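The values are calculated or read from the model by the stated rules, or taken from the named source; none is laboratory data. Everything numeric here is computed off the predicted structure, so don't read it as measured data. FYI the Cβ positions are ideal-geometry reconstructions off the backbone, even for glycines, and counts take in every protein chain you see.
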Amino acid sequence: MEASGYVDIFATKGIEYLLVIGFLLALVLFWRLLTRSTPRARGVGATAGPAPWFSLASDRFYHQGHTWAVPEGRDVVRVGMDDFAQKLLGQPRSVNLPRVGEIVEQGEKALGVEIGTKSVGLLSPVGGRVLDVNEEILRTPRLINEDPYGKGWLFKVSVPRMAPTLKNLLSGKLAWTWMENTVVSLRGRMAGELGPVIQDGGLPVSGFAKELSPEQWDEIAREFLLTE
């Protein structure tokens, strides 16, 4: 009797298949860890535009002066500026951060940003003692523009009353609605006196603050950054 020509692929290739399956499982686990460590951002912008104007990281708490806070541990908060602020201001010439040990107050000026010949103070989203500052920002201010919700963070604060502090900030759907309203307000201004700062496609020019007159800049800073 002749030997059968049938070859059991699963018997001869079993080890190879197990290795492939193991590799795919490891790849899935690695991807989940990678995406979990990266702040997720959602775009907010004009419905008729080809791309969102500004993004919000979903795990942040936002102050209406366009700074954000994210808890790190029981009483430590990391602080930065949001995507709207960095696109409004553009690449800073320099950033003045609070000193370690300094007390900052929620809703009060805590840092300064130099943009060309203009300067602006930004408000702290939380109150407490400054524990650490991002020294890399002092050397490379453009990190704020490249990664406002990650490497572009500004300083860390010890917050003694975490729960009531965070209740004063915006998060989730409330933050989304607030940013949508911000876009509507900006669109209204861009339709009039700020028209020249619009690029092709109807999106604002990144760093358009540099294109404004001193009077226009004062109005924009008061309305959107809540600074005098």
When you scan segment 103-194 for helices (runs of 4 or more DSSP H) that lie fully inside it, which ones turn up with 1 or more residues that are under 16 Å from F61 (Cβ atoms)?
-> 162-167, 172-190
Listed by first then second residue, the pairs whose first member lies in segment 63-80 and is farther than 16 Å from L226 by Cβ, whose partner is part of a loop (DSSP other than H, G, I, E, B) and basic (K, R), with beta carbons under 9 Å and at least 6 positions apart or on separate chains, are V70/R60; D75/R161; G80/R60
In segment 101-127, how many residues are at pLDDT below 95 and on the phi > 0 side of the Ramachandran plot?
-> 1
Enumeration of residues in segment 61-102 that are in contact with a Pro (Cβ under 7 Å, 6 or more places away or on another chain), under 21 Å from E135 (Cβ atoms) and part of a strand (DSSP E or B) | T67, W68, A69, V77, V79, G80, M81, S94, V95
Within segment 139-169, tally of residues that are in contact with a strand residue (DSSP E or B) (Cβ under 8 Å, 6 or more places away or on another chain) and surrounded by fewer than 13 Cβ atoms within 10 Å (Cβ to Cβ) = 1
Show the residue pairs that are 6+ apart or on different chains and have beta-carbon atoms under 7 Å apart, the first residue being within segment 117-129 and under 12 Å from V79 (Cα atoms) and β-branched (V, I, T), the second being in a strand (DSSP E or B) and at pLDDT 95 or above.
-> V126/A69; V126/V77; V126/V79; V126/V157
Which of the residues belonging to segment 98-138 are aliphatic (A, V, I, L, M) and buried (at least 20 other Cβ atoms within 10 Å of the Cβ)?
-> V104, A110, L111, V113, V120, L122, L123, V126, V130, V133, I137
